[in-house]
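For reference, the structure is listed below as structure tokens.
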Amino acid sequence: MVKVYSFEACPWCTKVKKYLDSKGVEYEVRDIELNEDYAKECLQISGDTMVPVTTIDGKNFVLGFDKAKIDELLAG
């Protein structure tokens with residue numbers, strides 16, 4: 001399950017979601033502004049509260065919008 005930790009007004013978060021949409025990847029959006037638990041998860045995964053954080057297994061993640069790293073994670 002792909003998860004994108006983000007918040008609504010984040011332009012890089014929007015780019016990640018549009019990129020995943022263009023590849024037909026299903027994902028769950030975890031808005032760190034609306035849910036404190038999601039913010040804590042994001043911090044635990046990346047060690048930071050910067051977004052977007054994209055993860056597949058909850059351990060390996062991509063910080064920011066990096067197409068090559070996203071593709072590498074998806075290829076697993």
Of A75, I56, Y5, farthest towards positive along the dipole that unit charges on Lys, Arg, Asp, Glu beta carbons give the chain: A75
Identify which of the listed values of volume of the Cα convex hull per residue in Å³ was calculated from the structure shown: [x] 85; [y] 76; [z] 108. [y]
Which length gain, in nm to one decimal place, applies between K18 and T49 when the Cα-Cα distance is subtracted from 0.36 nm times their residue separation? 9.0 nm
If you roll a 1.4 Å probe over the chain with all protein chains in place, what percent of the accessible area is carbon or sulfur? 50 percent
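Express the accessible area of region 1-54 per residue in Å², computed with a 1.4 Å probe while the remaining protein chains stay in the model. Write down the numbers at each step before the final one.
On the way: 3310 Å² over 54 residues.
That works out to 61 Å² per residue.
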Taking the alpha-carbon centroid of each part, what is the distance from region 58-76 to region 1-52 in angstrom? 12 Å
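Suppose every K and R has +1 on its Cβ and every D and E has -1 on its Cβ; what is the size of the dipole of the chain about the Cα centre, in Debye to the nearest 20? Mind showing how you got there, number by number?
On the way: 10 positive and 14 negative charges, 57 e Å.
Dipole of the chain, to the nearest 20 debye: 280 debye.
The values are calculated or read from the model by the stated rules, or taken from the named source; none is laboratory data. Note that this is a predicted model, so its numbers are computed, not measured. Counting neighbours? That spans all protein chains shown, and the Cβs are built from the backbone with ideal geometry, glycine included. Ligands, DNA and RNA are stripped out before the accessible areas are found, and what is left, the full protein with its side chains, is counted by its heavy atoms. Shrake-Rupley method; radii C 1.70, N 1.55, O 1.52, S 1.80 Å.
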